[in-house]
Amino acid sequence: MKKMLLKLFVSASIISSSIVFAAPIKSIEILGLNSISRGTVLSYLPVETGDDFNNQVSGQIIRDLYKTNFFKDIEVSQQDNILKINLQENPHIKYVDVLNYSDKVIDEERLNQILKNMDLSQGKIFNKRQLDKLIDQLEATYVSKGYYGIKITKKVETDAQNRVGIELDVQEGEVARISSMKISGGNIHDEDDLLDLFEIGEPDFFIMNYFTEKDHYSKVALDAGIEAIKSLYINSGYLDFKVINIETKLSTNKENIDIDIQISEGAEYKLGVISFTGDLLNQSIEELKALLTINTNDVFERKKVIESIQAITDIFADQGYAFAKVDPITKENTESHVIDLEINVALNKKVYINRITIVGNTRTQDEVIRREIGINEGGLYSNTELDESIKKIKRLGYFSDVKMEVSKLTGFEDKINLHFSVEETKTGTFSIGLSHSNSSGASFNMGVKENNFLGTGNTLNAAFSNSEAVQEMSFYFSDPYFTEDGHSISYGIFTKSLDGTELDVASYKIDENGFSLGYGIPITEQTRIGADLRVSSRDITCGTTMLSTYEPTQCSSNDKTEIKTNLNWSNNTLDNFNYPTEGSKNNLSFDLTLPIADFQYYKLDASHKSYYPMGNDLTLKINGSLGLAQGYGDKELPFFKRYYGGGSSSVRGFDFNSLGATYDGTIAKGGELSLLAGTSVISPMKFINDSENMRMSAFIDAGSVEEKASNLSVDEIRMSTGVAFSWLTPVGPLGIYAAKPLIKKAADQTKTIEFTLGTSF
């Protein structure tokens, strides 16, 4: 009882003293401000003029102002009912310099973002704790990349204006190198195959390792490799797979590291009973099972299960059920190692397209994009149709990026809006130049090619060339949507004069004038057929050698007119116009000159390109072409219509038009048959900033040109290998390649390095 009375007495004393010493604030005086305004300080104060001041209020003021991190010293007092707050500001940051850091660990853009996020950029209030936190974060980043000897020295200087200059000197040391790397406990997969899943490991052959830096330790790369191993086993049916231990031993000098990974594979699981529940609509269980890429008693591969679920989802999404939910429900038997799979389908409502909006097309008209979208406003949703629409827009070649977003219409569960976002790219080229070569002399060239003329999707191609050997003018126009059904029309005129007396070849002169008309019809979303008519007239004058020795029959004829029909078929499933990574492109073309004119011959040309993603952003390209040309009736194939080989669009590493038979051992004669093939591995150039429009590749080319189609000979095959670089510049694709012939003859004309403008991979 006495203790309770004592506590009450003390509390009452404290309260009474507070009341006694409390005094109203008549004014507030703030001292010591330099860069912070008085209004800013007042906004943080818990009191204002007229409020009572006491010790509790004083403590609250100090606490609130310290929380702002604006001040390093705060004094509060009251004199003659005037609240006095004496402040000493924290300094502001004048600059932050981080010296000697490596772009391999942290690039400038990321470093600047970190400084900004931690309020350590110019003009911010200096906070010592934030600076220490920055140093800790940088050191942790370096350690994660294998730089265990990292040391960061800080230097902080304050000038007379209370501004702080911060300098961090980064002493990286040497990156730890992997001396040994082992994986134990595995029987299903070979250890070497598992180690290949890591970007890091024991050093390669020393020349290759210089470029790959494979033995440079990185915890990030180690963790990525561990995840790759887990995915490999789990996707192979080993659902109980575990990484038991990862042991890393760092040498005393912190320059070498040994890695030992211990794994437990567990048992292999197989797929048991497959069942379907929910709303299956008109789809039978047999039809749905046919979509599965995995069946009962197969190894339970998670990747195939995911692919199967997606295929089933697409079936219902293509019927308008945009938000259909297909859930795989698994029941695991750990004794028999069998997993039963139940696939439950919840459809929700059918969904219709409310609005389609397009943004980002600063040049291209909306209609050019909309006609590639296979669904109209008010139409039923289809996932497959929209995926194909995005591919079609990309194939136009007008945009560097195409994205689509789906948003629900507020208040309507059965309506959505489609939002297409595109980024325009260069679709035209303008070229002008002067050149000189030993073969053709001085040359002036000028050309305009626009694949998206005035944003209409039409193609305009005009060219002019004037040299001692060749004078040429041409105009070509194409409208790919001449009708609403996607029929196309094209037309052009041309004139060309070639004087062989100015070339290091047999002497002849050809003057040609003519026009062309074409019409195309779509068969499917990816396939078109077309027909063209080309009418021209040529005046051919042969020199003495051509007339008497090389081509006496053709040179002595009076052939002038040519009426040529062309039938063509094309199929394109590429996912991108400029740099595809998946899909194929096929073309088949047949030319036939009509016998009502002078020239009589036919040409059959077929080409194929296919692209396959290989992982790690690598793409495999396989291409090939076949050309066959012959005369018919009593006419020969015109010598100027023969096939030639060698150069950037043929077998690289050999001089332009140098392959095949010759007239006298040096002058190319051309042939009736052309066979070309090649394969490339294409990679983006990630080590260069802003390299989205750049690619590099390693390639192998092979091909031959046969004088007579009936005389196909392995002896005429040429082959080369090399590396190439492609850059989509504002004036068109720029290509550079370096090639070395693998199969050649002593008399072949080779070219190691060549630059091209207007071609890409």
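The values are calculated or read from the model by the stated rules, or taken from the named source; none is laboratory data. Because the structure is a prediction, the values reported are computed rather than measured. Note: ideal-geometry Cβ built from the backbone for every residue, glycine included; neighbour counts use all protein chains shown. These accessible areas exclude ligands, DNA and RNA; they are computed on the full protein's heavy atoms, side chains included. Shrake-Rupley method; radii C 1.70, N 1.55, O 1.52, S 1.80 Å.
Data for the structure
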{"quantity": "Some residue of the range 144-154 being among the hydrophobic types (A, V, I, L, M, F, W, C), surrounded by 15 or more Cβ atoms within 10 Å (Cβ to Cβ) and more than 26 Å from Leu250 (Cβ to Cβ)", "calculated": "no"}
{"quantity": "Among the candidates Gly624, Gly615, residue that is within 32 Å of the chain's Cα centre (by Cα) and free of Cβ contacts under 8 Å to residues at least 24 places away in the same chain", "calculated": "Gly615"}
{"quantity": "Hey, Asn568 open to solvent by 40 Å² or more (accessible area, probe 1.4 Å) and assigned to a strand (DSSP E or B) or not", "calculated": "yes"}
{"quantity": "Neighbours by Cβ (under 8 Å, 6+ apart or cross-chain): first from the range 143-154, small (Gly, Ala, Ser); second open to solvent by less than 30 Å² (accessible area, probe 1.4 Å) and in a loop (DSSP other than H, G, I, E, B)", "calculated": "Ser144/Ser218; Gly146/Val175; Gly146/Ala176; Gly146/Tyr217; Gly146/Ser218"}
{"quantity": "Residue within the range 377-384 that is among the aliphatic types (A, V, I, L, M), at pLDDT below 80 and farther than 30 Å from Lys585 by Cβ present", "calculated": "no"}
{"quantity": "Test result for Val105, among the β-branched types (Val, Ile, Thr) and in a loop (DSSP other than H, G, I, E, B)", "calculated": "yes"}
{"quantity": "Residue identified as farther than 21 Å from Ser674 by Cα, out of contact with any strand residue (DSSP E or B) (no Cβ under 9 Å at 6 or more places or on another chain) and among the acidic types (Asp, Glu) among Asp575, Asp617, Asp559, Asp634", "calculated": "Asp634"}
{"quantity": "Residue within the range 275-286 that is touching a helix residue (DSSP H, G or I) at 6+ places or on another chain (Cβ under 8 Å), of a type in the set (Phe, Trp, Tyr) and open to solvent by less than 60 Å² (accessible area, probe 1.4 Å) present", "calculated": "yes"}
{"quantity": "Residue in the range 694-723 that is farthest from Lys641 (Cα to Cα), counting only those that are among the hydrophobic types (A, V, I, L, M, F, W, C) and open to solvent by less than 10 Å² (accessible area, probe 1.4 Å)", "calculated": "Phe699"}
{"quantity": "Restricting the range 523-545 to residues that are at pLDDT below 85 and assigned to a strand (DSSP E or B), the residue that is farthest from Gly665 (Cα to Cα)", "calculated": "Thr541"}
{"quantity": "Residues satisfying the stated conditions in the range 58-80, i.e. more than 51 Å from the chain's Cα centre (by Cα), among the charged types (D, E, K, R) and outside any helix (DSSP H, G or I)", "calculated": "Asp73, Glu75, Asp80"}
{"quantity": "Any chance Ser674 is within 20 Å of the chain's Cα centre (by Cα), open to solvent by less than 50 Å² (accessible area, probe 1.4 Å) and without any contact (Cβ under 8 Å) to a residue 60 or more places away in the chain", "calculated": "no"}
{"quantity": "Which listed residue is farther than 30 Å from Asn55 by Cα, in a strand (DSSP E or B) and either in contact (Cβ under 8 Å) with a residue 40 or more places away in the chain or open to solvent by 70 Å² or more (accessible area, probe 1.4 Å) (or both), from Asp97, Asp119", "calculated": "Asp97"}
{"quantity": "Residue list for the range 591-610, restricted to those being in a strand (DSSP E or B) and either farther than 21 Å from Phe639 by Cβ or in contact with a His (Cβ under 8 Å, 6 or more places away or on another chain) (or both)", "calculated": "Ala606, Ser607, His608, Lys609, Ser610"}
{"quantity": "Residue satisfying condition, being open to solvent by less than 20 Å² (accessible area, probe 1.4 Å) and over 30 Å from Tyr95 (Cβ atoms), within set Ile183, Ile188, Ile166", "calculated": "Ile183"}
{"quantity": "Per-region count, the range 350-387, residues over 18 Å from Glu484 (Cβ atoms) and touching a helix residue (DSSP H, G or I) at 6+ places or on another chain (Cβ under 8 Å)", "calculated": "6"}
{"quantity": "Subset of the range 546-565 (residues that are open to solvent by less than 60 Å² (accessible area, probe 1.4 Å), at pLDDT below 90 and not in a loop (DSSP other than H, G, I, E, B))", "calculated": "Met546, Tyr550, Pro552, Gln554, Cys555"}
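Listed here are the residues, each with its yes/no results for (1) free of Cβ contacts under 8 Å to residues at least 12 places away in the same chain; (2) in contact with a strand residue (DSSP E or B) (Cβ under 8 Å, 6 or more places away or on another chain); (3) surrounded by 16 or more Cβ atoms within 10 Å (Cβ to Cβ); (4) not in a loop (DSSP other than H, G, I, E, B).
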residue	(1), (2), (3), (4)
Thr362	no, yes, no, no
Ile373	no, yes, yes, no
Ile390	no, yes, yes, yes
Met404	no, yes, yes, yes
